[in-house]
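Here the structure comes first, spelled out in structure tokens, and everything after it is commentary.
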Amino acid sequence: MRAALAPGVRLLRALPRDSRYRGLTLVLTFLSYTSYHLSRKPISIVKSQLHPNCSALGPNPHNDSNSSTWCSWAPFDGDNYKELFGALDNAFLVAYAIGMFISGIFGERLPLRYYLSGGMVLSGLFTALFGLGYFWDIHVLWYFIVVQVCNGLVQTTGWPAVVACVGNWFGKGKRGLIMGIWNSHTSVGNILGSLIAGAWVSSAWGLSFVVPGIIITTVGIICFFFLVEYPEDVDCSPPLHHVMTISEKDPEAVTSNEGPLGLSGQSSVDHSHSPKEPAEEPEAISFLGALRIPGVVEFSLCLLFAKLVSYTFLYWLPLYIVNVAHFGAKEAGDLSTLFDVGGILGGIFAGLISDYTGGRATTCCVMLVVAAPMLFLYNHVGQNGIGTSIAMLIICGALVNGPYALITTAVSADLGTHESLKGNAKALSTVTAIIDGTGSVGAALGPLLAGLISPTGWNNVFYMLIAADVLACLLLARVVVKEARGWCGSMARKRGY
């Protein structure tokens, strides 16, 4: 006797063909970028194991020496271990920042499926090579530096590729809350990376890298076999990337109709990767021309400082918890995931508020202003009990990652409605490269500065982060004033003035 058709299969069959493939694209791209961040997280968890507090473990069992670093992993067993950790972070992030400026160019010229899956396999290889240094008993700094540089370069394949794939399947009408949820892949990857790395950090820290490397490689292979780049490839209807709507006739309607959140986080892909190009391709804008577009410089520099704060927490929070709260490496890694839980909530909250008010810059500025005193409080009272730590980590994660998530998902959509960019796909790609590349520079600077400043005390690191938040807010002042004037003008018109 044959069983009835599985409920899940019946549900899939009930969905339209286009919806099934769009759902598959969302799931695969979500898993892809989750695995990218999953493979970046282990280094922050393993730092505390590379230079642990050996005195707590007792005397050196191999000899009578009273060295306090006998259990540390050379070359990170010296007093300059924090600077060396900063060098590791900087090697990855500088390579990532440089690669991001050119990665989009390759992504536009290569098949996305090959580009994404190939980058994921290479990312898995270099992630695993870092962990194999444990099993091969490698104690040469340059080995780990070179591996980090190579990994930083190949990891730039992720964002342009997933953005392009989502942009090919979803048009302008498919934005809003769904993008806020989809964009949580960053925090989900950080959380999973912390948990997976923490499982082996105290026993065999090499597996903290090898296992994530295998995971991202596996997801890359799955994408190679199942990812569909364009709807036309499976006889699905392409989305409407550019239609004549009210928003084109009334510039003020753009904000309310489009919302701040782009499905890919960078609406340039909606144009630049549209399967159907207009009859006359617009002339590409120059780099300087893109900088002259109102808002590009402000949001780019704001993202630089916002990403500086976010990535400093990403790479240094577990070590800070170990040093200040005196938790073990695994417990610190697990606790640090709460910062990313807050990041998920903050990203969705920022998107919803910005969508409702139409004030991208104002939303970012308010969250950054509130984040500064919260960071100060976390440093001074955040370790006064597990309950306080949990609450402060979630709040700080929401306030720090909210503006970062909002900028990366909203700015390109806003600029895509600007009159000087309408229909110009190459201009949008250039603007996206400027914003993301500038933000990646901040991501490289944050952990480096933390490595240089932390020997003078963790208080100074937090003062640096607070200053970065304040600068990010100040850089948006002109755009905030412009938004406020727009609101005042709108209210005056409604009152009949």
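Observations on the structure shown:
- For q = 0.25 Å⁻¹, Debye-computed log10 I/I(0) when each Cα of the range 123-173 counts as one equal scatterer: -0.89
- Other residues within the sphere of radius under 14 Å centred on the Cβ of Y81, judged by their own Cβ, net out at -2 (K and R +1, D and E -1).
- Protection proxy ranking, highest mean first, for peptides 148-154, 340-346: 340-346, 148-154, where packing is the per-residue count of other beta-carbon atoms within 10 Å, averaged.
- Efficiency of FRET between L24 and E83 - r from beta-carbon atoms, R0 45 angstrom, step 0.05: 0.50
- FRET efficiency for T456 and A391, using Cβ-Cβ distance with R0 set to 22 Å, rounded to 0.05: 0.20
- Net lengthening on full extension, K494/I221 (0.36 nm per residue, minus Cα-Cα): 92.7 nm
- Cα-projected label distance for L291 with A325, points at 7 Å along beta-carbon direction, nm: 4.3 nm
- Ellipsoid fit via the Cα gyration tensor, the range 78-140: semi-axes of 30, 17, 5 Å, each the root of five times an eigenvalue, largest first.
- Cross-link check: pairs K47/K330; K41/K330; K41/K307 evaluated at a Cα-Cα cut-off of 19 Å; no pair lies beyond the cut-off.
- Label zone at T357 (point 7 Å along Cα-to-Cβ), backbone N below 12 Å, the range 476-497: 480-481, 483-484, 487
- In a fully extended conformation the segment linking L471 and I145 would gain 114.3 nm over its present Cα-Cα distance, using 0.36 nm per residue.
- Taking all protein chains together and a 1.4 Å probe, the residues L50, L288 rank L288, L50 from largest to smallest accessible area.
- Surface accessible to a 1.4 Å probe, R20 within the full protein complex, Å²: 90 Å²
- Solvent exposure ordering (accessible area, 1.4 Å, most first) of Y21, Y378: Y21, Y378
The values are calculated or read from the model by the stated rules, or taken from the named source; none is laboratory data. No experiment lies behind these values; they were computed from the predicted model shown. All Cβ positions, even for glycine, are placed from backbone atoms using ideal geometry, and neighbour counts span all protein chains on display. Quick note on the areas: whole protein, heavy atoms, side chains included, nothing else; ligands and nucleic acids left out. Shrake-Rupley method; radii C 1.70, N 1.55, O 1.52, S 1.80 Å.
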